[in-house]
Amino acid sequence: MQQKTAKKSKRALWSVYVFIEREVQEGRVLTRRRRLTEIKQPRYIPGPVKTVIHKFLYLNVTKMYKKNGMLFIQVGVGKKKELHRHEVKDVASVQVREYKRDGRIE
């Protein structure tokens, strides 16, 4: 009996890591609004500002492009596609790995 083999894909897919660099202030307090018309300024407790790197992983990426200072990452196709955006000035690095089209996972 032969083992089932996956059909060769026509669509190129990638997995993408996006590293975002952000400045975070420790001791920040956010106030919630009780009504939509109420305007309250967030209060800050003085503290050191430190730089933090956030890591985002996107699987089955079909399209990735830059437009107007934004990095757009499209995941999936059809009704279930998702579009993620990041500002290019905040992106520290991007790592891309292309999937093999023969369907084998290594």
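Just so you know, all these numbers are worked out from the coordinates, no wet-lab data involved. No experiment lies behind these values; they were computed from the predicted model shown. For neighbour counting, all protein chains shown are included, and Cβ atoms are generated from backbone atoms with ideal geometry for every residue, glycine included.
Once you have the Cα-Cα distance between residue 55 and residue 81, take 0.36 nm times their residue separation minus that, and quote the gain in nm to one decimal. Write down the numbers at each step before the final one.
Numbers: separation 26, 0.36 × 26 = 9.36 nm, distance 2.10 nm.
Net length gain for the segment: 7.3 nm.
Say the cut-off is 18 Å between C-alpha atoms; which of 7/80; 4/80; 8/100 go over it? Please report the intermediate quantities before stating the final value.
Working: 7/80 22 Å; 4/80 27 Å; 8/100 9 Å.
In this structure, 7/80; 4/80 exceed 18 Å between Cα atoms.
Sort 70, 1 so the one with the fewest other Cβ atoms within 10 Å of its own Cβ comes first.
Details: 70 12, 1 3.
Ascending Cβ contact count within 10 Å gives the list 1, 70.
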